[in-house]
Every structure is written in C-alpha cells, then in structure tokens.
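Notes for the one structure printed next.
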Amino acid sequence: MIKKESRNSLRQIRHKRIRKNISGTSVLPRLNVFRSNNEIYAQVIDDEKGVTLVSSSSRSLKLENGGNIAAAQKVGKDIAEKCKKAKINKVVFDRGGYLYHGRVSALADAAREAGLEI
C-alpha cells in the first residue's frame, strides 16, 4: 500500500532543501515565515547563535482575521519596524517551503516598503 504524503510534510521537505542554502548570521539574519490557515508568523533568526532576534505575528498584533493578505502586510510592516529598532537593516528571506505568492509575498513586500532590505 502506498502512503500518500500530506501537504505539510511535502512543504517541510521543500523547507529543508531551501535551508541547505540559506542561513542567518549576526550580520545578515534570516527572516522566516510560517503561515497557517488562521495566522501568519515571522521571525528574524541568527542561526549561528540559534537565537530569535525579532518576531511578530498576526496573533501578537491581535488581528481579527490573521489568515488574509491584509494581516500579512501588517505583520510585514511590524517586523520591519522591530528590525529597525534592533538595528537590523538587511535580512535573507526564507519562505519556509511555501510558494512566494499571496500572503508570503505580501509580507515580504510590506517589509520592503517599511525599509527592510531583503
């Protein structure tokens, strides 16, 4: 009997493949995105130290609907503002195995507009 792979397990395989080439440093940290059906989360990570430097999510912003493009834009703007306060100007974008489309691209575009270099 053939076991069918779930959508999330396939995404995790793609994310591992991406992470072989992308890692965050203290000079150039990694902006990681995770999205669920109801929320979207973003973290800026220094992989050398294994530390999350800055994080933001639709849940922490207490948005009414965190699973849409408008919420992703607010999270992107918030993460860029927090990065500026932490004196982080440039990051490497990690799409987390998701397509660079919809909420993921909206978050990245909003972060760019708020002054974060990706």
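Quick look at the values:
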{"read-out": "Of all DSSP beta bridges in the chain, antiparallel share, percent nearest 5", "value": "75"}
{"read-out": "Rounded to 10°, Cα long-axis angle of helix 69-85 versus longest principal axis of the chain", "value": "50"}
{"read-out": "Sparsely packed trypsin sites (Lys or Arg not before Pro) within region 1-35, loop by DSSP, other Cβ within 10 Å at most 12", "value": "3, 4, 20"}
{"read-out": "Relative contact order computed over the chain (Cα-Cα under 8 Å; 6+ residues apart), in percent", "value": "28"}
{"read-out": "DSSP-assigned coil residues among trypsin sites (Lys or Arg not before Pro) in region 52-118, each with at most 11 further Cβ atoms within 10 Å", "value": "62, 87"}
{"read-out": "Exposed GluC sites (Glu not before Pro) absent: longest stretch of the chain, with sites in DSSP loops and at most 12 other Cβ within 10 Å deemed exposed", "value": "65-118"}
{"read-out": "Residue with peak Gaussian network fluctuation, the chain [Cα springs, cutoff 10 Å], from 18, 88, 45", "value": "18"}
{"read-out": "Hull volume in cubic angstrom per residue (convex hull over the Cα atoms of the chain)", "value": "109"}
{"read-out": "Extension gain from residue 23 to residue 68, taking 0.36 nm per residue of separation minus the Cα-Cα distance", "value": "13.4 nm"}
{"read-out": "Electrostatic dipole magnitude of the chain [Cβ: Lys, Arg +1; Asp, Glu -1; Cα centre; debye, to 20]", "value": "400"}
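Every number in this text was worked out from the coordinates using simple rules, so none of it is lab data. Since we're looking at a predicted model, the values are computed, not measured. Methodologically, a virtual Cβ is constructed for each residue, glycine included, from the backbone with ideal geometry; neighbour enumeration extends over all protein chains shown.
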